[in-house]
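The values are calculated or read from the model by the stated rules, or taken from the named source; none is laboratory data. Since the structure is predicted, the reported quantities are computational estimates derived from the model, not experimental observations. For neighbour counting, all protein chains shown are included, and Cβ atoms are generated from backbone atoms with ideal geometry for every residue, glycine included. Note: accessible area is taken over every heavy atom of the protein model, side chains too, but ligands, DNA and RNA are not part of it. Shrake-Rupley method; radii C 1.70, N 1.55, O 1.52, S 1.80 Å.
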Amino acid sequence: MGLIRAGAGALGGTMADQWKEFFCCDAIDKDTLVVKGVKRITSRSSNTGGNDNIISNGSGIAVADGQCMIIVEQGKVVEVCAEPGEFTYETSTEPSIFAGSLGKAILDTFKTVGKRFTYGGDTGKDQRVYYFNTKEIVDNKFGTATPIPFRVVDSRIGLDLDTGIRCNGVYSYKITNPLLFYTNVCGNVERDYERSEIDSQLKTEFVSALQPAFSRLSDMEMRPNQIPAHTMELCDLMNETLTKKWSEARGISVVSIAMNPVSIPDEDAQSIKELQRAAALSNPGLAAGALTDAQADAMRTAAGNTGGAMAGFMGMGMAANAGGVNAQTLYGMAAEQKAAAAPKPDANAWTCSCGAVNKGKFCSECGKPKPAGAPKYKCDKCGWEPEDPAHPPKFCPECGDPFNDSDRV
């Protein structure tokens, strides 16, 4: 038995007259996942008293976009078709499978769960047609009843804080393997299988899977407020987490997730801000800027002091002396750090007369050999020596005198 494309199997336009029955499915709404195919008998059919659970040889079966059709015989799947079009059920042909956009997974599953019977069209059978909704099932709301543990990590500033986050939003899923869905979820339904029958289970499992997915996002050092902007990564992590429960057991996969901004306890949010501020002020330049701003505010406050501006400024001076540090010192520390972090000149590098900087024995631009005994420089005004005597700056950093041939030693 098998399915034959109606167009390819037509002989002289007489195929329509040979179809004893016609199975099809009207548009499946967004709340229905599976529909049992109903036999439609026209005035051209001679089988007006047939059984709905028997498919006569030569019957026509139509499959629309967004649908997958399976034929179940004696409780086992014997045919699968996910390609839109019209097909003829022919008992004399080999079993067939039209996977359409569902791909190789359907074929592999068909080999595993499918079992074929060869009754030669005998009426002593139970044969049923089911249509699956393979469109995206949208608007599945979710929310966290209790906070989900989340570790906030930022190795750059040494931040490592455990908190709990709450979130809500919507997700969508899709039946990607109808054979698994039929075998493990809906089975031989009498009429329809609605999404409401499984929504509660899916929602609970979805929220449970958020914790390991959030843990992976934490390993990426992602902050809680960044999560809604990375829903694609979250989708991949959720599918990875739900593989065994959803993909491998039920044949469904998460398609998309839309989240509202997540929230964390106010005290944790304040702690994170304080730690980030403290880490920022460990930079002397930023600390100097913050101190300068604070001093400016203090000066404005002192000027309006009710005991007189002089008393206010005296108090400000005492506070500054007690602190033991001033903005100028911090700016100096920042300059020293910047100089220490600056790349050091390569002692092996030399500058050719053509202007090219090289490290080898010959110039990479003009081919001239490296001069023997490169000249060394020392400022002839103040005596300052560059760290790399062979490569002085254009001007002496101490006195500003330009380096030239008179500075050679």
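Check whether at least one residue in segment 91-108 is closer than 30 Å to ILE61 by Cβ and modelled with pLDDT of 85 or more, and report yes or no.
The answer is no, given that none of the residues of segment 91-108 is closer than 30 Å to ILE61 by Cβ and modelled with pLDDT of 85 or more.
Out of VAL38, VAL80, report the one residue that is modelled with pLDDT of 60 or more, buried (at least 20 other Cβ atoms within 10 Å of the Cβ) and under 28 Å from ASN184 (Cα atoms).
Values: VAL38 fails: buried (at least 20 other Cβ atoms within 10 Å of the Cβ).
Every option except VAL80 fails the conditions.
Mind telling me which of the residues THR241, THR183, THR231 ends up being over 24 Å from TYR131 (Cα atoms) and in contact with a helix residue (DSSP H, G or I) (Cβ under 6 Å, 6 or more places away or on another chain)? Don't jump to the end; show me each part of the working.
Details: THR183 fails: over 24 Å from TYR131 (Cα atoms); THR231 fails: in contact with a helix residue (DSSP H, G or I) (Cβ under 6 Å, 6 or more places away or on another chain).
Matching residue, one of THR241, THR183, THR231: THR241.
From THR241, THR231, THR146, THR204, which residue is in contact with a Pro (Cβ under 7 Å, 6 or more places away or on another chain) and without any contact (Cβ under 8 Å) to a residue 60 or more places away in the chain?
Unique residue meeting the criteria: THR241.
Specify the residue that is nearest to the chain's Cα centre (by Cα); the eligible residues are those in segment 140-196 that are hydrophobic (A, V, I, L, M, F, W, C) and in a loop (DSSP other than H, G, I, E, B).
Checked segment 140-196; the qualifying residue nearest to the chain's Cα centre (by Cα) is CYS167.
Taking segment 351-370 on its own, how many of its residues are touching a residue at least 24 places away in the same chain (Cβ under 8 Å) and not hydroxyl-bearing (Ser, Thr, Tyr)? It would help to see each step written out before you state the result.
Of all residues in segment 351-370, those touching a residue at least 24 places away in the same chain (Cβ under 8 Å) come to 351.
Still in the running and not hydroxyl-bearing (Ser, Thr, Tyr): none.
Result for segment 351-370: 0.
A quick yes/no check of all residues on (1) more than 20 Å from ASP162 (Cβ to Cβ); (2) without any contact (Cβ under 8 Å) to a residue 60 or more places away in the chain:
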site: SER208; (1), (2): no, yes
site: PRO212; (1), (2): no, yes
site: SER218; (1), (2): no, no
site: LEU237; (1), (2): no, yes
site: LYS245; (1), (2): yes, yes
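Quick check: anything in segment 227-249 farther than 30 Å from GLU83 by Cβ, among the polar types (S, T, N, Q), open to solvent by 40 Å² or more (accessible area, probe 1.4 Å) and in a helix (DSSP H, G or I)?
Residues of segment 227-249 that are farther than 30 Å from GLU83 by Cβ, as a first pass: 227-231, 233-234, 237, 241.
Next, from what is left, pick out any that are among the polar types (S, T, N, Q): 231, 241.
Right, trim to open to solvent by 40 Å² or more (accessible area, probe 1.4 Å) and you get 241.
Applying the additional criterion that residues be in a helix (DSSP H, G or I) yields 241.
Scanning segment 227-249, I find at least one residue that is farther than 30 Å from GLU83 by Cβ, among the polar types (S, T, N, Q), open to solvent by 40 Å² or more (accessible area, probe 1.4 Å) and in a helix (DSSP H, G or I), so the answer is yes.
Do you know which residues across segment 353-409 are of a type in the set (Ser, Thr, Tyr) and assigned to a loop (DSSP other than H, G, I, E, B)?
Our first condition is that a residue be of a type in the set (Ser, Thr, Tyr); within segment 353-409, this holds for 353, 364, 377, 406.
SER353, SER364 - these are the residues of segment 353-409 that are of a type in the set (Ser, Thr, Tyr) and assigned to a loop (DSSP other than H, G, I, E, B).
Mind listing whichever residues of segment 11-23 are open to solvent by 20 Å² or more (accessible area, probe 1.4 Å) and modelled with pLDDT of 60 or more? Can you show your working first?
Taking segment 11-23 as the starting set, the residues that turn out to be open to solvent by 20 Å² or more (accessible area, probe 1.4 Å) are 11-20, 22.
Hit for segment 11-23 is PHE22, nothing else.
Please verify whether ILE257 is open to solvent by less than 40 Å² (accessible area, probe 1.4 Å), touching a Leu at 6+ places or on another chain (Cβ under 7 Å), modelled with pLDDT of 80 or more and not in a helix (DSSP H, G or I), treating the condition exactly as stated. Reasoning before the result, please.
Working: open to solvent by less than 40 Å² (accessible area, probe 1.4 Å): yes; touching a Leu at 6+ places or on another chain (Cβ under 7 Å): yes; modelled with pLDDT of 80 or more: yes; not in a helix (DSSP H, G or I): yes.
Judged against the criteria, ILE257 is a match.
Identify, please: which residue in segment 159-194 is of a type in the set (Gly, Ala, Ser) and surrounded by fewer than 16 Cβ atoms within 10 Å (Cβ to Cβ) and is, among those, nearest to ALA213 (Cα to Cα)?
Result: GLY164.
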